[in-house]
Each structure stands twice: as structure tokens, then as C-alpha cells.
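Enquirer: Following this message is one structure expressed as C-alpha cells.
The values are calculated or read from the model by the stated rules, or taken from the named source; none is laboratory data. Just so we're clear, the structure is a prediction, and the values are computed from it rather than from any experiment. Methodologically, a virtual Cβ is constructed for each residue, glycine included, from the backbone with ideal geometry; neighbour enumeration extends over all protein chains shown. Areas reflect the complete protein model, heavy atoms only, side chains present, ligands, DNA and RNA absent. Shrake-Rupley method; radii C 1.70, N 1.55, O 1.52, S 1.80 Å.
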Amino acid sequence: MDNLFKIGEIAELFNLNIRTLRYYDDIDLLKPEYVDPNTGYRYYSTAQFEQLNTIRYLRELQVSLDKIREFLQYREIDGVKNILYDQIKEVEARQKELENVKRKIRNRISQIEYAQTGMRDKAEIRKLPAREAVIIKYAMKPDSDMEYPIRLLEKNAEQAAVFLGKVGMSISKQNMKNEKFDQYDHIFLLLDPEERYNGETITIKKGLHAVLRFNGTHKEAADYYRVLMDFIKKEGYEAAGDSLEITLIDYGFTNDTTQFVTEIQIPVK
């Protein structure tokens, strides 16, 4: 007993939680050298220090406990080398995923800043880039609940996401021509470049669009469609396709309805 250490002493020496050492015992990763049959106290020997150091080192590298246990059973140079190579692959995969997350965050920041700083209630002709999108035919009114069709869009995404500011509704070219501005024909999802989608996607072609941004949501959009269609005619253009109507800021960002921002984009020629 003189050469043994209590579990509390080991925990202090190696800066570990006692619960962690008990768990290592339970999963047969690090068994105590001796367990007092009367008290159940666990004791560890100095011969186990190297094993515990190996466990701590590999855990610092985020190697799984299962892999560590397998290595400790056989202890081969090639074994630890293979573990480290595998861990490099896992770290690289996580780095790639974190880069995607960082790009998504930057995209959302840019979107919020774009919504906050742009002009309101003034139509303009703007050249927009090509964009990848998912579009499904879905007849809706401005006050329709969008939650169900949004789920239809989301179900084929490889990763679940809240599409803040990326989901919108579309009025067909024909309905706009007939001034049916309260009848939406499609719902769409604009994809970020790094997003993966298992369903069918389309590319919205780059080109000239008549654009108008206003404070409000789809419920207030009809009057702005009239303004935008008049502007298109006045400028000598005509609508060349279905609209894209995106609520850039809504309840996903704020409860203050006065801060809501929606943008209508209509391709023109």
C-alpha cells in the first residue's frame, strides 16, 4: 500500500476529475491496481502513470476512448501511428466544416448589413449575379403560413438549417402582367455556394433586374409590385421572368416589425 495512490491523489496529480477516473475504470480503459474489498476505494500504482499519460495525450488530440482502449491492449508503434494519421483526417474534415460555418456566418452578416443600409421605396435597375436556387411550385397568398413549404424545401438539405433571409416567394411573369400581385406561384430557397442539396436545383441567370426594397413583409408587397412594374415600363424595359421576393429581415432576426425589410427583384430585358 505504500507504493499506491488513492484515486483523489491521482486526480490531483494529473489534473483530472475523479468521475473521469471512475469512468475509465467502468469502461476498462484504466483499471485501478488495487480495490479495497472492504471500502471499495481505488488505488493506482506508479506503473500506471505512463498509461495514464498516454490516455491524456491522446485525449488532448481528441482521439476517441474506443481507439485509445484498442491501442493500449496491443501497444504497437504502427498502431499509434495509424491512430495519429486517422486523427489528422478527422481534424482536416472538421476544419473544412468550420470553414463552411464561417462562410455561412459571414454571408448572414453581409445580408443583414445589406438589408440595413440599402435604399427604401426607390426602384432601380441592377445587374445581379447568377445564383443557385431550389424552387417548388406552391400557390400561396401573402398571409399564408410558410412553415410547411419551407419544410418541403429543407428536407433535402444534407444539413438541417434555418434559412434566415434565404427563403422567398415568387409571382409568375403572367400573373404580374395581369396585375395579380396577391397570388404567389412558387416558393424558393437561395443556396449559399458551400451548401449541399440532394434535390433538383436551378441556376437563376445573371442579368438586369428591377429591384425595390421596402420596410415590411409579403403582406405589404402588392403596392410595391405596382410601383416596380410602372417603373419597368417607364424605363423602357419589360419583365423577362418570374419575380423573386425575399424578406431580408423578419421575425428570424427581430421582434421589431418596423425593422422588417423585403426586397422584390424582377428580371428585365
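Enquirer: Restricting to the range 215-224, give me the number of residues that are more than 27 Å from the chain's Cα centre (by Cα) and buried (at least 20 other Cβ atoms within 10 Å of the Cβ).
Expert: 2
Every residue, every condition in (1) open to solvent by 30 Å² or more (accessible area, probe 1.4 Å); (2) acidic (Asp, Glu), yes or no:
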{"site": "22", "(1), (2)": "yes, no"}
{"site": "26", "(1), (2)": "yes, yes"}
{"site": "45", "(1), (2)": "no, no"}
{"site": "49", "(1), (2)": "yes, no"}
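Enquirer: Looking at the range 124-145, I want the residues that are touching a residue at least 12 places away in the same chain (Cβ under 8 Å) and have a partner that is open to solvent by 70 Å² or more (accessible area, probe 1.4 Å) and of a type in the set (Ser, Thr, Tyr) with Cβ atoms under 7 Å, at least 6 apart or on another chain. Which pairs are those?
Expert: From the range 124-145, the pairs are 130/203; 132/203.
Enquirer: Then there is this: Taking residue 144 and the conditions (1) at pLDDT 90 or above; (2) more than 30 Å from residue 100 (Cβ to Cβ), which numbered condition does it fall short on, given that it satisfies the others?
Expert: (1)
Enquirer: Determine whether the range 117-135 contains at least one residue that is open to solvent by 80 Å² or more (accessible area, probe 1.4 Å), closer than 30 Å to residue 241 by Cβ, not β-branched (Val, Ile, Thr) and not in a loop (DSSP other than H, G, I, E, B). Break it down stepwise before answering.
Expert: Taking the range 117-135 as the starting set, the residues that turn out to be open to solvent by 80 Å² or more (accessible area, probe 1.4 Å) are 117, 119, 121-122, 127, 129.
Applying the additional criterion that residues be closer than 30 Å to residue 241 by Cβ yields 117, 119, 121-122, 127, 129.
Within this subset, residues satisfying the condition of being not β-branched (Val, Ile, Thr) are 119, 121-122, 127, 129.
Narrowing the set further to residues that are not in a loop (DSSP other than H, G, I, E, B) leaves 127.
Within the range 117-135, one or more residues are open to solvent by 80 Å² or more (accessible area, probe 1.4 Å), closer than 30 Å to residue 241 by Cβ, not β-branched (Val, Ile, Thr) and not in a loop (DSSP other than H, G, I, E, B).
Enquirer: Pick from 208, 189, 228: which is closer than 17 Å to residue 150 by Cα and either of a type in the set (Asp, Glu) or surrounded by 13 or more Cβ atoms within 10 Å (Cβ to Cβ) (or both)?
Expert: 189
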